[in-house]
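The block underneath contains the structure these notes are about, expressed in structure tokens.
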Amino acid sequence: MIRKFINNDLTNVMKIWLKANVNAHDFIDAQYWHDNYESVKGMLPEATIFVYEENKEILGFVGLKEHQIAGIFVDPTKQSNGIGTALLNHVKDGYSSLSLQVYKKNKRATNFYLREGFEVIDDKVDENTHEIEYVMVWYSF
């Protein structure tokens, strides 16, 4: 089930955020994610967030700022089970266009977004990590 985030979800969502980022970005020192944990935790409730829940357990979430996907995060032990796709489709239903940024070296996420109809329109260097990020967009037709 996909539902809107409530403040009681914050601890579980942040656990997934940290595990998923460390797991997906082995090219970035894990300490980077630990160092940014508290600032993300403070900003998260300001975003539009939907969680994917099964048997009262949060398995993933998607965060948005207007038409931009800040990220789709799925518990690494639950990936490749359609959770990310379900979250993305839920968001697509509410928007005619979406954008996002994803690290070029994160091949799994890059391929996921390409498969789901996003296209790369630009790339840039993330000034915090010095890694190349793709800027991607999706339009409903």
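The values are calculated or read from the model by the stated rules, or taken from the named source; none is laboratory data. None of these values were measured; they are calculated from a predicted model. FYI the Cβ positions are ideal-geometry reconstructions off the backbone, even for glycines, and counts take in every protein chain you see.
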Go through (1) touching a Leu at 6+ places or on another chain (Cβ under 8 Å); (2) under 24 Å from L18 (Cβ atoms); (3) at pLDDT 95 or above one by one and return the number of the condition W138 breaks. (2)
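Can you name every residue in segment 42-52 that is modelled with pLDDT under 95 and not hydrophobic (A, V, I, L, M, F, W, C)? Steps first, please.
Taking segment 42-52 as the starting set, the residues that turn out to be modelled with pLDDT under 95 are 42-47.
Within segment 42-52, G42, P45, E46 qualify.
Return the only residue of K65, K41, K56 being in contact with a helix residue (DSSP H, G or I) (Cβ under 6 Å, 6 or more places away or on another chain), over 21 Å from R115 (Cβ atoms) and of a type outside the set (D, E).
None of the others qualify; the one that does is K41.
If we scan segment 94-105, do we find a residue that is more than 23 Å from D9 (Cα to Cα), within 14 Å of the chain's Cα centre (by Cα) and in contact (Cβ under 8 Å) with a residue 40 or more places away in the chain? It would help to see each step written out before you state the result.
Start the filter on segment 94-105 by keeping residues that are more than 23 Å from D9 (Cα to Cα), which leaves 95-105.
This time we only want the ones that are within 14 Å of the chain's Cα centre (by Cα), so: 98-103.
Filter once more, keeping what is in contact (Cβ under 8 Å) with a residue 40 or more places away in the chain: 98, 103.
Yes, that holds for at least one residue.
Among the listed residues K92, K105, which satisfies the condition of being farther than 12 Å from I69 by Cα and surrounded by 12 or more Cβ atoms within 10 Å (Cβ to Cβ)? Talk me through it step by step, then tell me what you get.
Values: K92 fails: farther than 12 Å from I69 by Cα.
Of the residues listed, the single one that is farther than 12 Å from I69 by Cα and surrounded by 12 or more Cβ atoms within 10 Å (Cβ to Cβ) is K105.
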Exactly one of D93, D35 is over 22 Å from T129 (Cβ atoms) and of a type in the set (D, E, K, R), and that residue is D93
